[in-house]
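Below: one structure, written as structure tokens.
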Amino acid sequence: MNNKAGIEQYLYASFGPELKFGRWLMVSKAFTDKLVGNIGALLLDDKVAIVGIGYSGFSPATPSQSYKELIFDAASRAYAECSVNPRKDVESFVCCEEDLWEGTSITDEYAPDQLGAAQRNICTVSQDGLNGVATAYMHIKSGVASIAVVESHSKLSNVLSQSQVREFALEPYYERPILSDGIPVAAMQMRRFMHDYKVTEEDIAQVVSKNKKNGLFNQRSSYAADVSVEQAMRSPFVWNPLRRIQMAPPADGCVVAVLASAEKARSMTEQPVWIKGIGWNSASTSAESAISSDALYAKEAAKMAYKIAGVNSPKSYFDFAEVDDTYAFKELQHAEALGIADMDVSKGNMPAVAPVPINMSGGSLSLGDLVEATGLVRLLEAVQRLRNAERKRSKGSKRALVQSWRGIPSSSGAVAVLGVE
Amino acid sequence: MGRSHAGRNCGDYGEVMGMENPSEPPGTALTPDEWRGKEIFFRNFHTKFTYSWDTGVAIGHFLEALKGGKIVGRSCSGCNRVLVPPRMFCELCFRPTDDWIDVLDTGVVNTFSISYVNNDASRREQPLFVAVINIDGASPGMGFLHLLGEVDAGQIHVGMKVRAKWKPAHERTGAITDISYFKPSEGL
Ligand SMILES: [Zn+2]
């Protein structure tokens, strides 16, 4: 049932007998036509697209701009890409930020001006930016908005107590008295993951080398380098088995994305990138996150997104993936959870070449850790790659997987399935 | 996202508890010794966060001007406003602002409040006057929060004309406190 005639048939079949009693005759023909038209529009064209994406920063420090100026820059670029006037056209703004990374309580109250959202509909999702995309997606799907904007940024260079903020995120009764930073939690996750999946030091070093080298081809990467596997294996330990080079260093930056309904999208851009599915999940925090070797949040978020998008075999469905690699081992753990890696435990090793290329952008290891903006960075990289491939008419890149993780000690993540068809 | 103000005025205690005599809540009151003697378990935690915010172009110039004994704003040719404190974008037009404008160090009290207590609820010897000042030369309704001085509580009124009392040049550091306070600029 995907056309107007079909819907009329369906309505007649459903309500035909009622018509005999004359009750339905009271409803005017114009009204039923409109109803049928609306249902038809919903069934036919309820897709959501990314029509504009802009960014600023992507540097270890951004001393020449305040965070508001950084956001204004990224927003201006995103709006220019799809000729949108935020003061008139955008019906929903979503910003993703965290008080302690900003240094201001109820920090979202300072978000509207630089986004063009003053005196308009704005809400905060205190989560990674990809969760904000899920919220904007729902606003459009539900008909609340036809154009929605998502923003997230990092000014980590201004946070002099990053370690204290991570400590503050630890469970207060029985974890914080033991640990004074969240990084050992990552190290312990890493050890258990390596143990259960028989992942070697060299496998992790391969991820580092691959992503650092991939970043050399990306203008946005502050931390790209020609690092060999051997060099990566000589990096000093921070918390054994976690080495310094396996951790994404902090970076500043902002990403703003404009989403639109299918109806609007086609007139706003020649290159809409469709959100074919989206999902999000929080597993359970604290002890569990340190003990489990699986990224359950990524697995469950993927299940939700794949169901919406109709993805049955992710290994063959996706052309490439942008996956969270805040710590190098996380890329492997996430790839496994997303079903895009051949983790053969009996082989005692990870494949050198994954079925789906991962983090061709260089990942967070090259671009840096942008805290809550990290999911939008992954999205930006995926959108740019899909558009470039389409422009070059290359057949290789039409479907992308994007995944985010909220960082230590969280067990929250989101997944988006993107496509240009 | 915090809600530090939530939960304070959550209604009448008795009404909330649905009790007939709200002055006598159920249970046994804890004694100070039970609290101090740690017979009840607590988990205390202190932390210290340090930030160093980039001022950026707009606030950077604003603070630099204050150090020089001046107040500056930015003009927007879209809505013909002068924005004080300055910003590099106009929030109404969503466009970059155009020029730096020197505004005056005089203004009008938009609204004010008088405090007789300190943060720790102790009584102040001298009341504290806090006001929003609409700065002369800025667009209507634009200005900033500051203190009032050289004035008696009973004399302050909405619409009172005021002038900045600057710190001596060698004491100014490029901060909003380079203005000590605003004082009445003409006969009350
Ligand atoms: Zn304006």
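Figures for the structure shown
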read-out	value
Near pairs, Cβ below 6 angstrom, 6+ apart or cross-chain, from the range A:366-384 (assigned by TED's automatic domain parsing to the domain that holds A:Gly54 and in a helix (DSSP H, G or I)) to any residue that is open to solvent by 10 Å² or more (accessible area, probe 1.4 Å) and among the polar types (S, T, N, Q)	A:Ser366/A:Ser221; A:Leu367/A:Ser221
Qualifying positions in the range B:149-188 - within 19 Å of B:Pro85 (Cβ to Cβ) and open to solvent by less than 30 Å² (accessible area, probe 1.4 Å)	B:Val162, B:Ala164, B:Gly174, B:Ala175, B:Asp178, B:Ile179, B:Phe182
Selection count, the range A:127-186, where residues are closer than 21 Å to A:Gly253 by Cβ and among the acidic types (Asp, Glu)	2
Search result, residues across the range A:62-84 that are touching a residue at least 12 places away in the same chain (Cβ under 8 Å), at the interface with chain B (Cβ under 8 Å from one of its Cβ atoms) and in a loop (DSSP other than H, G, I, E, B)	A:Thr62, A:Pro63
Selection status of B:Leu128, in contact with a strand residue (DSSP E or B) (Cβ under 9 Å, 6 or more places away or on another chain), within 13 Å of the ligand (Cβ to nearest atom) and not in a helix (DSSP H, G or I)	no
Qualifying residue in the range A:188-203 (condition: surrounded by fewer than 21 Cβ atoms within 10 Å (Cβ to Cβ) and closer than 30 Å to B:His46 by Cα)	yes
Count of residues meeting criterion [within 14 Å of chain A (Cβ to nearest Cβ) and either touching a helix residue (DSSP H, G or I) at 6+ places or on another chain (Cβ under 6 Å) or farther than 21 Å from A:Ser66 by Cβ (or both)] in the range B:84-131	6
Residue match in the range B:59-70 (condition: under 24 Å from B:Ala175 (Cβ atoms), facing another protein chain (nearest Cβ under 9 Å), away from the ligand (no atom under 16 Å from the Cβ) and open to solvent by less than 40 Å² (accessible area, probe 1.4 Å))	yes
Residue that is nearest to the ligand (Cβ to nearest atom) [pool: residues in the range B:25-58 that are closer than 24 Å to B:Phe89 by Cα and among the aliphatic types (A, V, I, L, M)]	B:Ala58
Where a residue in the range B:83-98 is among the basic types (Lys, Arg) and its partner, wherever it lies, is in a loop (DSSP other than H, G, I, E, B) and near the ligand (Cβ under 7 Å from one of its atoms), with Cβ under 6 Å and at least six apart	B:Arg95/B:Gly78
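The values are calculated or read from the model by the stated rules, or taken from the named source; none is laboratory data. Remember, it's a predicted structure, so these values are computed and weren't measured experimentally. All Cβ positions, glycine included, derive from the backbone under ideal geometry; neighbour counts span all protein chains shown. Only protein heavy atoms, including side chains, enter the accessible area calculation; ligands, DNA and RNA are left aside. Shrake-Rupley method; radii C 1.70, N 1.55, O 1.52, S 1.80 Å.
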